[in-house]
Structure formats: structure tokens, C-alpha cells
């Protein structure tokens, strides 16, 4: 059956997508900056890898807790007001990170930032689902997810440069100022997002949360989210160390790797979104899964590698990752009822953060460091990532197969 061409974006819709992508950029960059700055933060605060790992995972775990606490009332407020509330807390937390001078203060700052920043992504997804019909969501998710690539192209190299020029505090303070501009733009330009408030709601936030976590298809989607997140979070914390110590790439060339990979994904992200809308989201997901599995197995077995080859391998691997991430988010956006989108996305974000924290800890127990600095057993991490990808693909096939049959009915007001 021939697919109906997706309608073009209106002027306001283009503005909304740009603003949501900017917020995603700020939140993702805040999280991603920690890993490349670790080489500077650890000696400055006199902490070891275990303590630094705790700082990184503290954000993920606090964000996970925040998502669960938010889920009960996420659908009871105008999504614009909810977004601005949590984004304000996120900016304050980022300032706190920039002012931290001890391990304890940085740890507390990361916990605080996670409590607010961890919910923003779920609100962004709820808003994009409310404002865009299903036939446009592949493109929307593709554009919003370019924030991840933009954080690599613009954020990480600039953050490393600022840290090298001054100190590691400056990137966080600069990001807070930059992020504040985006928050003011959202407050000015984004219209209220409150259509869901006219739908039936439970009087009890607890029952609203209960009905969300006990819906069968929601649980299936949550499992897929956890599995896909596990793969990324097992690789990411140790990638820079693997590149430097195992591949023999000079530390000063890391920004080049991030820059080229990010440029590639910025270009490919919107194309993946269009392909998902045009030829089918699950088909694109299958392509992305096959490509990412092949590249992860290749990447985790590399030894000394020329810089140009690493850039190509890393770029292709991220194309595979994005080719499954974007269509999955588009499929996931069709799962919840409108009156439960806020709670569904909040729980999904919570599971994503917690799964990421667990995955980082698990990878830390798998990987060890040899006397020469080389990482050992990184190939085992690759095998685990492949296994989670295969299970996630099977579950998503089952989920998307049942999607046209019925949509969950919103619970009647108690």
C-alpha cells in the first residue's frame, strides 16, 4: 500500500522543533561533558576512577528517581510550565557543577542536576508527540536527536578547549549561560501545551502512575528502552580510554574524532527520520541494528588504529546507533494514550537513566586495566551489547506488530 506523503512543517512547528532540539542539546551536553573532562577533574579533585565513576553515575541514578517521582503528576500540568520548571533547576545545577571545588560538592551538584535534567527529555518527547501527528514524528525525532550529534560537534570540542585554556569549571559555567538563553526563548515562543488537561484523569497521582506501569504494552516498551540504553552506556564511559590506550590515538586528537563523528550524525539524523516516515520505522530500525551490531563487534576488537580509520569506523557505528534510536522513539511515541504521555515518557526516561547507571557499573566490573594502561575485556562488553540488541529487536517486533490492534484507553476519572 502506498504511503501518504507526510505534510510539511508549519512555521511554528519548525520553531518548536528547533527549541526542543536546543534543550536536548543542553541536557545531553551536560551529561556527555563529564567523560572527556574526567582526565582533568580527577587530578584536580584528587580522586580516582572509582570516585569519578560515582560522580558520573550519580546523575543517572538521581535522574531515574526523579522520573519515577514525576510520573504521577506529569500529565496534570501544562507541559510548557513543567518544562520551564525543570529546566530552571537544571541550569542552577549546572552552575553548581561549575562552582564545585571538592569531590563531595561535585557529587551533590550532579545529583541535583540529575533530579531536574533527567526529566526534561521525557517532557520534550511528550510535547513533540502532542504537537505532531504520527506521520511526522520520524522527521521530528530525527531532528531532535541531532542534538546528540551537535553536542559532539560543538559542545565537547568547545568544552575541552575551554578547559584547556582555563580550567574544567569554565565549560559548565559557559553552558549554563548558553542554556539560559534557550530557556528564555522557550518561555517567549512556545505556546501552552495543555490539550491533555481536558481529558479524563485519575484524582490520585499514585493511581495514575500505577495504571501506567501496569499496562502490558507499556511494560514491553520500557524493557526495550532499558535494553537499548544498556548497550550505549556500557560502551560510552570507556570509549575515550579505549581509543587512547588500546588504539594508540593521541589524547589531543579526541576532539577530531568527536567532531567528524558528530558532523556525520548531524547530516544523517534527519535523513533517517525521513526514511522512517517513508519506508517504515521498524525496517529502518532493523537496518540500524544490523549495522550497529557489526560495527560494535569490529570496534571492540580493534588494536592500534590510524586516526582516519578510527574516524570512519566510529562514524559508521554511530550511523547504526542513530538508525535504531530514531525509529524506536517514533514507534514508542505511538504507544501511550494522550492522557498518559507525560507519565509514560517520565517512566521511560527514568528507566533509561537507571539502566544507564547499572550498565556503567556493570561495564566497570567487566573491564579492567593492564599494567601498560590498556583496557582488558572490552570485547566482552561488545558481546553483551550485541546480545541486548538482539533481544530488544525481538521485543520491538512484537510491540510494533500489536500497535495497530488497539491503543490503551485512558483511565476514567476516579
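Every residue, every condition in (1) over 26 Å from residue 354 (Cα atoms); (2) modelled with pLDDT under 90, yes or no:
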position: 224; (1), (2): no, no
position: 247; (1), (2): yes, no
position: 254; (1), (2): yes, yes
position: 269; (1), (2): no, yes
position: 272; (1), (2): yes, yes
position: 283; (1), (2): yes, no
position: 287; (1), (2): yes, no
position: 301; (1), (2): yes, no
position: 307; (1), (2): yes, no
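Scan the range 142-164 and give yes if some residue there is modelled with pLDDT under 80, under 17 Å from residue 12 (Cα atoms) and crowded, with 24+ Cβ neighbours inside 10 Å, otherwise no.
Yes, the range 142-164 contains a residue that is modelled with pLDDT under 80, under 17 Å from residue 12 (Cα atoms) and crowded, with 24+ Cβ neighbours inside 10 Å.
Here are some conditions: (1) more than 20 Å from the chain's Cα centre (by Cα); (2) in contact (Cβ under 8 Å) with a residue 40 or more places away in the chain; (3) not in a helix (DSSP H, G or I). Residue 335 meets all but one. Which one does it not meet?
Every condition holds for residue 335 apart from (1).
What number of residues within the range 239-261 are assigned to a loop (DSSP other than H, G, I, E, B) and closer than 22 Å to residue 53 by Cα?
Narrowing the range 239-261 to residues assigned to a loop (DSSP other than H, G, I, E, B): 246-250.
Subset that is closer than 22 Å to residue 53 by Cα: 246.
Residues meeting the conditions: 1.
Any chance the range 362-380 includes a residue that's modelled with pLDDT under 85, exposed (fewer than 14 other Cβ atoms within 10 Å of the Cβ), touching a strand residue (DSSP E or B) at 6+ places or on another chain (Cβ under 9 Å) and part of a loop (DSSP other than H, G, I, E, B)?
Yes, some residue in the range 362-380 is modelled with pLDDT under 85, exposed (fewer than 14 other Cβ atoms within 10 Å of the Cβ), touching a strand residue (DSSP E or B) at 6+ places or on another chain (Cβ under 9 Å) and part of a loop (DSSP other than H, G, I, E, B).
So, in the range 210-238, exactly how many residues are closer than 30 Å to residue 163 by Cα and not in a helix (DSSP H, G or I)?
0
Please enumerate the residues belonging to the range 246-262 that are in contact (Cβ under 8 Å) with a residue 60 or more places away in the chain and more than 16 Å from residue 32 (Cβ to Cβ).
Residues satisfying the conditions are 246, 247, 249, 251.
Out of 309, 354, 325, which single residue is surrounded by fewer than 20 Cβ atoms within 10 Å (Cβ to Cβ) and either within 27 Å of residue 61 (Cα to Cα) or out of contact with any strand residue (DSSP E or B) (no Cβ under 9 Å at 6 or more places or on another chain) (or both)?
309
The values are calculated or read from the model by the stated rules, or taken from the named source; none is laboratory data. This structure is a prediction, so every number in the text was calculated from the model and none was measured. As a convention, Cβ positions derive from the backbone with ideal geometry for all residues, glycine included, and neighbour counts pool all protein chains shown.
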